[in-house]
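So the structure is just underneath, and the comments pick up after that.
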Amino acid sequence: MSRISPQPGIMEIELYVGGKSTVEGVSDVVKLSSNENPYGCSDAAKTAHGKSGLNLHRYPNTDHADLRALIGEVHDLDPAQIICGVGSDEILQFIAQCYAGPGDEVIYTEHGFSMYPILAHAAGATPVKVAERERVVDVDAILAACTDKTRIVFIANPANPTGTMVGSNEMARLAAGLPEGCVLVQDGAYAEFVEGFDGGAALVNARDNVIMTRTFSKIYGLGGLRIGWGYAPQDIIDVLNRVRQPFNLSAVQLTVAEAAIRDQAFVQKCREDNARWRAWLAEALMEHGVPSDTSCANFILARFADQEEAEACDDYMKSQGVIVRRVAGYGLPNCLRITVGDEAGCRRVAHAVGQFKAGAK
């Protein structure tokens, strides 16, 4: 037997499983399983990506100053309080690495993003799952679950995979009620899909125990490049930068992200189109007897009678070339998470679900 053992918690990690992108035997496939932007990225980002190939032999800068300055300009934030990473996942990893360890507890909610317990285990901490209320984060339940061992509370807002959201007053109440030495992490991967929402930046500015994370993977359509960022009080940023690799983002990533964030017209168009087709799809599914909560993101959590019906509908949609996401692993076995696509994609989903429901009667 090997004497080489991993650190405590590592073998407790359940490997992350991404959304499927192919169906055997089906060629005309629409992938709606990973919450990707159906329009891709902006033309400005594509142009920047092409030009960036001329300098692949050059190391990138280590402080991401230009990108941080642009993020600060667009969101009215202090660039010195911004950190950039390989997707927002890397920022979340920095936070767990820096602020949790053996003997500590990390809170996440019942249907919260599956990376949160993984990050806790990787740091040797104990993940603590807290119940939600009708698929919405319950602030009172989180506060009741806090102990003197609680070091991090992870909240996605809007949430994945439910699409539900917690109001700013409730988030402020949560931050104020946390025990000393505990940080609240607002994961804002889907924040841009909410018109006028700051992702929690104001709460970061008001307190010393709040961190906000964001990503270029969703509305900016740059999931393939993996670029994210975080915003926090200066002392927390100084800590996180101590574990960040100096060249964690390539020159290509930086160049494309800079072009993407400059193109806010593209972001606005994507936000408006998503809102329109999200509402249309939710109504169309409801007409077929498939309800969903009001979503604030770029997906809908469709609810079926039970797990058997959800999986049967998923199988039927796959046969029709429509790939969505089963979410039994999130404690939602009777649900399917469906990314809001373009018009053609949404109509294909509604048609497939309608055919399934008609055949099931």
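Below, the figures for the structure above:
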| read-out | value |
| --- | --- |
| Which numbered condition residue 332 fails, given (1) surrounded by fewer than 21 Cβ atoms within 10 Å (Cβ to Cβ); (2) part of a helix (DSSP H, G or I) | (2) |
| Subset of region 96-126 (residues that are assigned to a loop (DSSP other than H, G, I, E, B) and closer than 23 Å to residue 337 by Cβ) | 110, 111, 112, 113, 114 |
| Residues within region 179-222 that are more than 19 Å from the chain's Cα centre (by Cα), at negative phi and among the small types (Gly, Ala, Ser), tallied | 2 |
| Qualifying residue in region 293-300 (condition: assigned to a helix (DSSP H, G or I) and either more than 19 Å from residue 158 (Cα to Cα) or of a type outside the set (Asp, Glu) (or both)) | no |
| Qualifying positions in region 279-294 - touching a Phe, Trp or Tyr at 6+ places or on another chain (Cβ under 9 Å) and surrounded by 23 or more Cβ atoms within 10 Å (Cβ to Cβ) | 290 |
| Long-range neighbours under 8 Å by Cβ, at least six apart or interchain, first residue free of Cβ contacts under 8 Å to residues at least 24 places away in the same chain within region 296-323, second assigned to a helix (DSSP H, G or I) and aliphatic (A, V, I, L, M) | none |
| Identity of the residue in region 80-114, of a type in the set (A, V, I, L, M) and surrounded by fewer than 21 Cβ atoms within 10 Å (Cβ to Cβ), that ends up nearest to the chain's Cα centre (by Cα) | 86 |
| Test: residue in region 15-23 that is part of a loop (DSSP other than H, G, I, E, B), among the hydroxyl-bearing types (Ser, Thr, Tyr) and over 22 Å from residue 346 (Cα atoms) | yes |
| Contacts under 6 angstrom Cβ, first residue in region 32-50 being in the same structural domain as residue 302 (by TED's automatic domain parsing), partner assigned to a loop (DSSP other than H, G, I, E, B) and at pLDDT below 95, 6 or more apart | 33/19; 33/20; 34/19 |
| Breaking point among (1) in contact with a strand residue (DSSP E or B) (Cβ under 7 Å, 6 or more places away or on another chain); (2) among the acidic types (Asp, Glu); (3) free of Cβ contacts under 8 Å to residues at least 40 places away in the same chain, for residue 170 | (1) |
| Those residues of region 55-73 which are within 15 Å of residue 264 (Cα to Cα), exposed (fewer than 14 other Cβ atoms within 10 Å of the Cβ) and in contact (Cβ under 8 Å) with a residue 60 or more places away in the chain, in sequence order | none |
| Single condition residue 14 does not satisfy, out of (1) in contact with an Asp or Glu (Cβ under 9 Å, 6 or more places away or on another chain); (2) touching a residue at least 40 places away in the same chain (Cβ under 8 Å) | (1) |
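A quick yes/no check of all residues on (1) under 19 Å from residue 120 (Cβ atoms); (2) surrounded by fewer than 17 Cβ atoms within 10 Å (Cβ to Cβ):
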| position | (1), (2) |
| --- | --- |
| 151 | yes, no |
| 177 | no, yes |
| 199 | no, no |
| 202 | no, yes |
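Yes or no, residue by residue, for (1) of a type outside the set (Gly, Ala, Ser); (2) within 30 Å of residue 277 (Cα to Cα); (3) assigned by TED's automatic domain parsing to the domain that holds residue 71:
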| position | (1), (2), (3) |
| --- | --- |
| 160 | yes, yes, yes |
| 170 | yes, yes, yes |
| 173 | yes, no, yes |
| 191 | no, yes, yes |
| 201 | no, yes, yes |
| 231 | yes, no, yes |
| 250 | no, no, yes |
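Yes/no matrix, rows are residues, columns are (1) on the phi > 0 side of the Ramachandran plot; (2) of a type outside the set (A, V, I, L, M, F, W, C); (3) outside the structural domain of residue 134 (by TED's automatic domain parsing); (4) under 19 Å from the mean Cα position of the chain (by Cα):
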| residue | (1), (2), (3), (4) |
| --- | --- |
| 275 | no, no, yes, yes |
| 282 | no, no, yes, no |
| 298 | no, yes, yes, yes |
| 303 | no, yes, yes, no |
| 310 | no, no, yes, no |
| 322 | no, no, yes, no |
| 336 | no, no, yes, yes |
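The values are calculated or read from the model by the stated rules, or taken from the named source; none is laboratory data. Not measured: the values here are computed from a predicted model. Note that each Cβ is placed from the backbone with ideal geometry, even for glycine, and that neighbours are counted across all protein chains shown.
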